[in-house]
């Protein structure tokens, strides 16, 4: 009992001493280096900027020109300006700079895009995606020396990505050297497929004449090869219709067995045509496929399908392209700069380099 009393006296004495010391000392409270409200306001501004970019990206959702599907250039310029404004608020967010650069790619202004890629590289010189962009777009411009410099750096920092990029370049080179044809002598079996790419519907939900031309070419080949699987792909809705549904319905009305038609109603772009359809090809163990699209678009489609199926299979699948002629056949033999830009841009997306990757702003 006495021991407990002594401990109590000691505790009370210590408490009194601490209280007395505290009364004579001022307690310093650490202040945050940046006002919390300032951080909240800055974050809100960036969120609002990104929301504006998303709205611009959505309107219009899709604009097509002879098989070339993209956002309006004026919209892309506005998105680039917004992302660069956001970057001024957050200087280390190089995803904003890369997004702005890619918006310029959509516009065909590759020189301005390269300036921005190199600006981002000053912050993160070993950024893998940025080095892939620079290697690709210098190659597109025909500057193999500069392209090779970035490719060599990639081999040091990310050899697997360098190998992927070499595959992209080899595939582009191969496909762009192939002649455009509007017929095929290949005899297809049940292990082969005909793939028809969609095209934006009219505002009232009816099929555009370009899409009907593609279907007419599909019908021609389907009658020559009745055992082949038919894949129709396109999922941008207009007036509660999708391209693939209307394509399938049209082919059935022309006498094609519905059981032979697989409709992908989700793809919103040529990239997604390839990414989504590849699993139908893998499931049915397709060995060879004929790709049908407009003459000015079919090279891009073949390139993307070849790249996409390298990851998913089926292993050893081969592709050929047949054009629904939207231009004279002789005129289509030369690859335009616009077509080549679309091939490079979409090929990079297929192998995992998004155009936009900033929060809510996505491809």
Being under 16 Å from residue 106 (Cβ atoms) and in a loop (DSSP other than H, G, I, E, B) is the filter; apply it to region 337-363 and report the residue that is modelled with the highest pLDDT.
-> 353
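Out of curiosity, is residue 326 part of a helix (DSSP H, G or I), touching a helix residue (DSSP H, G or I) at 6+ places or on another chain (Cβ under 7 Å), surrounded by 16 or more Cβ atoms within 10 Å (Cβ to Cβ) and in contact (Cβ under 8 Å) with a residue 40 or more places away in the chain?
Judged against the criteria, residue 326 is not a match.
With respect to residue 299, determine if the residue is modelled with pLDDT of 95 or more, buried (at least 16 other Cβ atoms within 10 Å of the Cβ) and closer than 25 Å to residue 185 by Cβ.
Against the criterion (modelled with pLDDT of 95 or more, buried (at least 16 other Cβ atoms within 10 Å of the Cβ) and closer than 25 Å to residue 185 by Cβ), residue 299 qualifies.
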Of these, 222, 200, 228, 244, which one is farther than 24 Å from residue 287 by Cα and either surrounded by 16 or more Cβ atoms within 10 Å (Cβ to Cβ) or not assigned by TED's automatic domain parsing to the domain that holds residue 271 (or both)?
-> 200
Lone unmet requirement of (1) touching a residue at least 60 places away in the same chain (Cβ under 8 Å); (2) over 22 Å from residue 116 (Cα atoms); (3) surrounded by fewer than 17 Cβ atoms within 10 Å (Cβ to Cβ) for residue 338 = (2)
If we scan region 277-289, do we find a residue that is closer than 28 Å to residue 329 by Cβ, part of a strand (DSSP E or B) and touching a helix residue (DSSP H, G or I) at 6+ places or on another chain (Cβ under 8 Å)?
-> yes
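For every residue, the table says whether it meets (1) under 16 Å from residue 233 (Cα atoms); (2) assigned to a strand (DSSP E or B).
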| site | (1), (2) |
| --- | --- |
| 291 | yes, yes |
| 299 | no, no |
| 302 | yes, no |
| 307 | no, no |
| 311 | no, no |
| 316 | no, no |
| 319 | no, yes |
| 331 | no, no |
| 335 | no, no |
Being on the phi > 0 side of the Ramachandran plot and modelled with pLDDT of 95 or more, is that true of even one residue in region 210-232?
-> no
Output the residue which, of all residues in region 104-121 that are part of a helix (DSSP H, G or I) and touching a residue at least 40 places away in the same chain (Cβ under 8 Å), is farthest from residue 347 (Cα to Cα).
-> 110
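The values are calculated or read from the model by the stated rules, or taken from the named source; none is laboratory data. Model, not experiment: these values are computed from the prediction. As a convention, Cβ positions derive from the backbone with ideal geometry for all residues, glycine included, and neighbour counts pool all protein chains shown.
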